[in-house]
Amino acid sequence: MRWKWGRIAVAAVTAEVLPILALFGLVALLGPGEPAAAEQYAARLGRWVGPIGGGVAVFLGAVWVGRGLPAGQVAHGVAVGAATAAIDGALLAASGTGFEWLFVASQGGRVAAGALGGWVARRMAGLVRSA
C-alpha cells in the first residue's frame, strides 16, 4: 500500500479549519452583537460545533482521501482522523485550555469518523469495481 500523505495532510487541516469557520459564521449570523456576549455564545456553541462539525469534516475528508485508492482506505481514514485529532490537541494545549472529557470524546470521535469514512470509500470502490 502506498500512502497518500499529501492528501491526508490536506484533509486533516481542512477538517480542522471548517468547523472553526462554521463557528465564526454561526456566531456572526446568530450571536449577540456585544463582543463579550458573543465570546460567551461562541464558547457555548463551540462545544457542539467543534465535535460534531469536526466529525463530519473528518468523515468527508476520509472519503475523499480513500476514493480511488486500490486498497488501504480504512487505514488512510484512520490517519486523517488521527492527524486531525493531533492538530486539535495541539491547538487546545497551545491555548492553555484545561482538560475536559469532552475533548477526549471529540478526538476519539474524529478517529472513528475517519475509520468510517475510509470504510465508506472502500465500499464505494467495491461498487465501482463490480459494476
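For the range 1-33, the tally of residues that are assigned to a helix (DSSP H, G or I), of a type outside the set (A, V, I, L, M, F, W, C) and surrounded by 15 or more Cβ atoms within 10 Å (Cβ to Cβ) stands at 4.
For the range 34-69, how many residues are part of a loop (DSSP other than H, G, I, E, B) and in contact (Cβ under 8 Å) with a residue 24 or more places away in the chain? Even if it seems obvious, please write down each step before you answer.
First, pick out the residues of the range 34-69 that are part of a loop (DSSP other than H, G, I, E, B): 34, 67-69.
Filter once more, so that each one left must be in contact (Cβ under 8 Å) with a residue 24 or more places away in the chain: 67-69.
Of the residues in the range 34-69, 3 are part of a loop (DSSP other than H, G, I, E, B) and in contact (Cβ under 8 Å) with a residue 24 or more places away in the chain.
If you go through the range 70-100 and keep only what is acidic (Asp, Glu) and not in a helix (DSSP H, G or I), you end up with just GLU100. Selection of first residues in the range 93-108 that are at pLDDT 90 or above and of second residues that are surrounded by 10 or more Cβ atoms within 10 Å (Cβ to Cβ) and among the acidic types (Asp, Glu), restricted to Cβ pairs under 9 Å at least 6 apart or on distinct chains, gives the following pairs, ordered by first then second residue: PHE103/ASP88; SER106/ASP88; GLN107/ASP88.
Considered as a group, the residues in the range 34-46 that are surrounded by 12 or more Cβ atoms within 10 Å (Cβ to Cβ) and not small (Gly, Ala, Ser) include one that is nearest to the chain's Cα centre (by Cα), and that residue is LEU45.
The values are calculated or read from the model by the stated rules, or taken from the named source; none is laboratory data. Because the structure is a prediction, the values reported are computed rather than measured. Ideal geometry is used to build each Cβ from the backbone, glycine not excepted, and the neighbour counts take in all protein chains shown.
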